[in-house]
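Asker: Here you go, one structure.
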Amino acid sequence: MQALTKKPLTDAVELCFTGPAAKRQEAVDLLRGLGFEARETPSKPWREVLPFVDAELPGVFLAGARYREDMTQAALAAATGIPRRHISEMENGKRPIGRKNARLLAEALHIDPRRLLAV
């Protein structure tokens, strides 16, 4: 017979808010009144956290947008007319995306084409 597992006494949730700096203390006080505890957690810029250099970002964004739309490279190739091999090379940073391809890909993936152009 399996033993019942104990539930934790309290469930914890961590919240993160963005808002006007002038209202910070008011928000902290309101949340403390609801039983929350204020902790300062240091944040890092996203460029320090992600292991990609600027030249790789368009390909990474392309792969992420394709994943979000639940499309295979073959499906994206069929939707855009761009060969699957080229899409793979773009995602892996071996081929530049270019303006024309960025427009085609962005239309198929429902994103802004500027996201696919090199920074």
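The values are calculated or read from the model by the stated rules, or taken from the named source; none is laboratory data. This structure is a prediction, so every number in the text was calculated from the model and none was measured. Cβ: placed from backbone, ideal geometry, glycine included. Neighbour counts: every protein chain shown.
Asker: Could you count how many residues in segment 44-54 are within 12 Å of the chain's Cα centre (by Cα) and in a loop (DSSP other than H, G, I, E, B)?
Answerer: 1
Asker: Checking the conditions here, which among THR18, THR10 is assigned to a loop (DSSP other than H, G, I, E, B), of a type in the set (Ser, Thr, Tyr) and at pLDDT 85 or above?
Answerer: Answer to the check: THR18.
Conditions (1) buried (at least 18 other Cβ atoms within 10 Å of the Cβ); (2) over 21 Å from the mean Cα position of the chain (by Cα); (3) over 15 Å from PRO58 (Cα atoms), marked per residue:
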| position | (1), (2), (3) |
| --- | --- |
| MET71 | no, no, yes |
| ALA77 | yes, yes, yes |
| ASN101 | yes, yes, no |
| ILE111 | yes, no, no |
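Asker: Go through (1) closer than 30 Å to ASP11 by Cβ; (2) in contact with a Lys or Arg (Cβ under 7 Å, 6 or more places away or on another chain) one by one and return the number of the condition HIS86 breaks.
Answerer: In the conditions (1) closer than 30 Å to ASP11 by Cβ; (2) in contact with a Lys or Arg (Cβ under 7 Å, 6 or more places away or on another chain), HIS86 misses (1) alone.
Asker: Do the conditions hold for LEU105, that is, is it at negative phi, assigned to a helix (DSSP H, G or I) and either at pLDDT 95 or above or touching a Phe, Trp or Tyr at 6+ places or on another chain (Cβ under 6 Å) (or both)?
Answerer: It is true that LEU105 is at negative phi, assigned to a helix (DSSP H, G or I) and either at pLDDT 95 or above or touching a Phe, Trp or Tyr at 6+ places or on another chain (Cβ under 6 Å) (or both).
Asker: Okay, moving on. If ILE111 meets every condition in (1) of a type in the set (A, V, I, L, M, F, W, C); (2) more than 30 Å from ASP11 (Cα to Cα); (3) outside any loop (DSSP other than H, G, I, E, B) apart from one, which number is that one?
Answerer: Of the numbered conditions (1) of a type in the set (A, V, I, L, M, F, W, C); (2) more than 30 Å from ASP11 (Cα to Cα); (3) outside any loop (DSSP other than H, G, I, E, B), the odd one out for ILE111 is (3).
Asker: Among the candidates ARG66, ARG99, ARG103, single out the residue that is of a type outside the set (Asp, Glu) and closer than 30 Å to THR18 by Cβ.
Answerer: ARG66
Each row is one residue, and each column tells you yes or no for (1) basic (Lys, Arg); (2) under 30 Å from ASP11 (Cβ atoms); (3) in a helix (DSSP H, G or I); (4) touching a helix residue (DSSP H, G or I) at 6+ places or on another chain (Cβ under 9 Å).
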| site | (1), (2), (3), (4) |
| --- | --- |
| PHE36 | no, yes, no, yes |
| PRO42 | no, yes, no, no |
| GLU56 | no, no, yes, no |
| LEU62 | no, no, yes, yes |
| MET71 | no, no, no, yes |
| ALA74 | no, no, yes, yes |
| ILE82 | no, no, no, yes |
| LYS100 | yes, no, yes, no |
